[in-house]
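What follows is one structure encoded as structure tokens, with my remarks underneath.
Every read-out reported here was derived from the displayed coordinates using simple, explicitly stated rules and does not represent laboratory data. Keep in mind it's a predicted model, so treat the numbers as computed, not measured. Neighbour counts run over all protein chains shown; Cβ positions are idealised from the backbone, glycine included.
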Amino acid sequence: MTNVAILGYGVVGSGVSEVIRRNRENIRIKAGDEISVKYILDIRDFPDSPDRDLIVFDPDVIFNDPEVSIVVETIGGTGAAYEFTMRALKSRKHVVTSNKELVAAYGPELLQTARENGVNYLFEASVGGGIPIIRPLNQCLAANEISSITGILNGTTNYILTQMKKKGEDYTNALREAQKNGYAEANPAADIDGFDACRKIAILSSIAYNEFVDYRGIYTEGIKNITIEDMVYADEMGAVIKLVALSRRENDRIFARVSPVVLPKSSPLANVEDEFNAIVVKGDAVGDAMFYGRGAGKLPTASAVVADIIDIVRHPGDIGRNNWVRNGNNNLVDIDDTETRMFVRMKAKDPSRAKEMAQNAFGGVEFVRTGKINDENEIAFTTENMKEGRFKRILSDVRNSEAISDITSVLRIFEEK
Ligand code: HSE
């Protein structure tokens with residue numbers, strides 16, 4: 001029998017216990033041993049829960065019990081979660097987590113501590129919820145040089161953007177719905193502002209490129225400013241708007257970015273809707289491989305946590321798949337040095353002068369018109385491919401032009417590389 005302790009009885013923690021209970025026999029066969037939850041640590045008690053008798057308030061009960069060999073950390077954040085993970089690893093207990101914040105911030109230290117103590121620190125559930133992606137990168141695709149990863153990595157924002165597009169739903173209602181369904185972070189700003197996706201692309205990139213990518217250096221923009229009107233223009237261009245996280249190898253450096261993009265409908269990511277996530281990995285031998293599934297929610301995330309537990313029971317000595325070393329942010333390309341086409345919307349005082357000015361300023365612009373937006377003073381266009389730094393300089397000159405009253409939207413156009 002393998003005894004597991006769960007730290008944190010929230011959405012994911014309770015899901016882990018439910019999956020282990022529900023699929024006990026199948027899990028026993030796959031793991032080659034019975035897996036049982038012995039303790040659940042929380043500061044609350046849960047008198048109506050089927051797990052009520054497993055709840056403990058004192059972490060020492062878990063760390064001092066030699067029968068507990070695997071600890072599941074589903075507390076979240078980097079406070080108590082860090083302290084307890086370190087204690088568990090130093091007590092030679094394997095740790096499994098869904099906590100991307102902790103992995104992205106302290107992955108190098110935690111992985112090293114795990115190695116020093118002869119145990120595993122696994123985090124399949126930290127990216128893409130129930131989608132297998134960490135293990136495929138570490139194992140199934142290990143023979144490849146990975147050149148890029150592109151993904152929709154946040155279920156909450158994808159759900160919101162889908163509701164806005166399909167139902168014209170307002171942003172606040174869609175967010176409330178995502179929270180009700182258990183997709184959103186405790187503080188949904190991490191979803192909305194792109195930081196959750198940022199941590200996830202940092203984790204995937206660190207695995208794919210064999211060097212630690214610090215999320216703090218990744219350019220990150222969220223979806224707060226996206227409007228239904230932007231979506232109408234995107235539709236006119238044969239595109240949708242998605243929050244896309246991407247990273248690419250560029251010579252000996254890495255380019256990584258999280259931002260909303262105008263994504264052509266022909267992209268395989270364009271049809272990924274609601275809370276679903278998808279990740280396209282480009283490898284030199286495999287070509288494109290796409291991973292798709294539920295990226296958030298109680299049972300999908302628990303499914304990935306329990307898979308890690310099973311892996312450890314099967315291969316307890318399989319230590320050290322990831323060896324991340326901190327190197328500052330020097331390995332990241334500056335966003336201003338990257339090239340992209342932009343979509344720009346402006347309110348013009350004088351539309352024909354504004355168009356002429358846009359053409360002179362940006363060069364190679366293509367104007368976009370849609371019959372659904374009935375504002376004669378609005379102009380919208382796409383620019384040619386240009387360095388972001390140059391684009392910003394031009395935009396700031398244009399902003400001061402007398403022909404313009406306001407710049408309403410600036411969005412990157414996604415192009416396959
Ligand atoms: N808040 C996250 C999301 C949960 O919406 O994708 C899964 O990491």
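Just a few scattered comments:
- Its residues counted as N, the chain yields a C-alpha radius of gyration over 2.2 N^0.38 Å of 1.08.
- Among I40, I407, I223, the residue with the largest mean-square fluctuation in a Gaussian network model of the chain, with springs joining Cα atoms closer than 10 Å, is I407.
- The residues C198, C140, when put in order of fewest to most other Cβ atoms within 10 Å, stand as C140, C198.
- Rounded to 5, percent antiparallel among DSSP beta bridges of the chain: 65
- Paramagnetic reach from N323 (point 7 Å along Cα→Cβ, amide N under 16 Å) across the range 86-119: 108-119
- The residue among S409, Q179, A361 whose Cα reaches farthest toward the positive pole of the charge dipole of the chain, with charges on the beta-carbon of Lys, Arg, Asp and Glu, is A361.
- For A142 and I373, the difference between the fully extended length at 0.36 nm per residue and the C-alpha to C-alpha distance is 78.3 nm.
- Selected from F84, V72, A304, residue furthest toward positive end of dipole (the chain; charges at beta carbon): A304
- For K30, K100, K93, K166, the sequence from fewest to most other C-beta atoms within 10 Å is K166, K30, K93, K100.
- Distance in nm between pseudo-label sites at E273 and E250 (7 Å out along the Cβ direction from Cα): 3.4
- Distance between modelled label sites at R399 and E366, nm, 7 Å Cα→Cβ extension: 2.7
- The GNM of the chain, with springs linking C-alpha atoms under 10 angstrom apart, assigns the highest mean-square fluctuation among S396, S126, S405 to S396.
- Taking a straight line from the alpha carbon of K387, these aspartates and glutamates sit under 12 Å away, with near neighbours fewer than eight places off in the same chain left out: D334, D336, D337, E339.
- Hits among lysines - C-alpha to C-alpha of K372 under 28 Å, sequence gap 8 or more where chains match: K165, K166, K167, K224, K242, K265, K347, K349, K355
- Residue-span extension gain [R21 to E236] - 0.36 nm each, minus C-alpha spacing: 72.4 nm
- Dimensionless Rg over Rh [the range 1-75; C-alpha; Kirkwood]: 0.95
- One decimal place: the segment I228-E416 gains 65.2 nm when fully extended, by the rule 0.36 nm per residue minus the C-alpha distance.
- Inter-label distance, E34 to K180: 4.1 nm, where each label sits 7 Å from its Cα along the C-beta direction.
- Among Q112, Q179, Q359, residue whose mean-square fluctuation peaks in a GNM of the chain (springs only between Cα atoms under 10 Å): Q359
- Among I241, P260, A143 the positive-end extreme of the charge dipole of the chain (Cβ point charges): A143
- With N counted as the residues of the range 116-188, its alpha-carbon radius of gyration over 2.2 N^0.38 Å works out to 1.49.
- Likely footprinting exposure, H94, H315, fewest C-beta neighbours within 10 Å first: H315, H94
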